[in-house]
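The structure under discussion appears below in the form of structure tokens.
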Amino acid sequence: MAIEFSVWDEQVDGVTHVVGVRGEIDLFTAPEFKARIHAAIEAGRDLVVVDLSATTFIDSSSLGVLISAHRRMTLQGGRLVIACDVPSVLSTFKITGLDGVLEMARTREEALAQGADAAAPRVQPRAA
């Protein structure tokens, strides 16, 4: 039996990117998931939203991808926001304590709004 998995991504604007997943993210599908997220980070996006609203399962390898992406985005001054309202997936985040580390939102729209300030141009404060 084949595992359901598809991943897509969308450049929302010059600084915002969404990566969405349908199905299961596990040891076998995590490399493609990782490649999509890292491509957005390498492109210099300030906000990467990971839409897990159609995801049915995540394992430790997918959590590792998200932690790594969060760390890279933070080092670059950007933000990674996870959009998810799937109880079984949210349970995994809660059990591991990652719901307190990763920035979470219920929907893609909420994640985009939550990260809107990340899309604002960065202006260096002037010395007085």
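The values are calculated or read from the model by the stated rules, or taken from the named source; none is laboratory data. In this text the structure is predicted, and so the values were computed from the model without any measurement. Cβ sites come from the backbone with ideal geometry, for glycine too, and all protein chains shown count toward neighbours. Ligands, DNA and RNA are excluded from the accessible area calculation, which covers all protein heavy atoms including side chains. Shrake-Rupley method; radii C 1.70, N 1.55, O 1.52, S 1.80 Å.
Pairing each residue of segment 56-67 that is closer than 9 Å to Glu24 by Cα with any residue that is charged (D, E, K, R) and open to solvent by 30 Å² or more (accessible area, probe 1.4 Å), provided the two are 6+ apart or on different chains, yields C-beta distances under 7 Å for Thr56/Glu24; Phe57/Glu24.
What are the residues in segment 43-82 that are part of a strand (DSSP E or B) and under 13 Å from His17 (Cβ atoms), if any?
Leu47, Val48, Val49, Val50, Asp51, Arg79, Leu80, Val81
Just one of Val86, Val50 is among the aliphatic types (A, V, I, L, M) and surrounded by 16 or more Cβ atoms within 10 Å (Cβ to Cβ); which is it? When all the criteria are applied, what remains is Val50.
May I ask you to say which residue of Val19, Val50, Val81, Val15 is at pLDDT 95 or above and over 14 Å from Glu103 (Cα atoms)? Give the steps one after another, and end with the answer.
On the way: Val50 fails: over 14 Å from Glu103 (Cα atoms); Val81 fails: over 14 Å from Glu103 (Cα atoms); Val15 fails: at pLDDT 95 or above.
Every option except Val19 fails the conditions.
The C-beta contact set for segment 95-118 (first residue in contact (Cβ under 8 Å) with a residue 12 or more places away in the chain, second residue part of a loop (DSSP other than H, G, I, E, B) and aliphatic (A, V, I, L, M), distance under 9 angstrom, 6+ apart or interchain) comprises Leu112/Val12; Ala118/Val15. Checking each residue in segment 101-112 for being assigned to a helix (DSSP H, G or I) and open to solvent by less than 70 Å² (accessible area, probe 1.4 Å) picks out Arg108, Glu110, Ala111, Leu112. The residues of segment 1-38 that are in contact (Cβ under 8 Å) with a residue 40 or more places away in the chain and loosely packed, with under 12 Cβ neighbours inside 10 Å amount to a single one, Asp13. Number of residues in segment 1-32 that are among the small types (Gly, Ala, Ser) and part of a loop (DSSP other than H, G, I, E, B): the value is 2.
Taking the condition of being in a loop (DSSP other than H, G, I, E, B) and not acidic (Asp, Glu), how many residues in segment 83-100 meet it?
Our first condition is that a residue be in a loop (DSSP other than H, G, I, E, B); within segment 83-100, this holds for 84-86, 97.
Within this subset, residues satisfying the condition of being not acidic (Asp, Glu) are 84, 86, 97.
Total satisfying the criteria: 3.
Among residues of segment 63-97 being touching a helix residue (DSSP H, G or I) at 6+ places or on another chain (Cβ under 6 Å) and of a type in the set (D, E, K, R), the one that is nearest to His38 (Cα to Cα) is Arg72.
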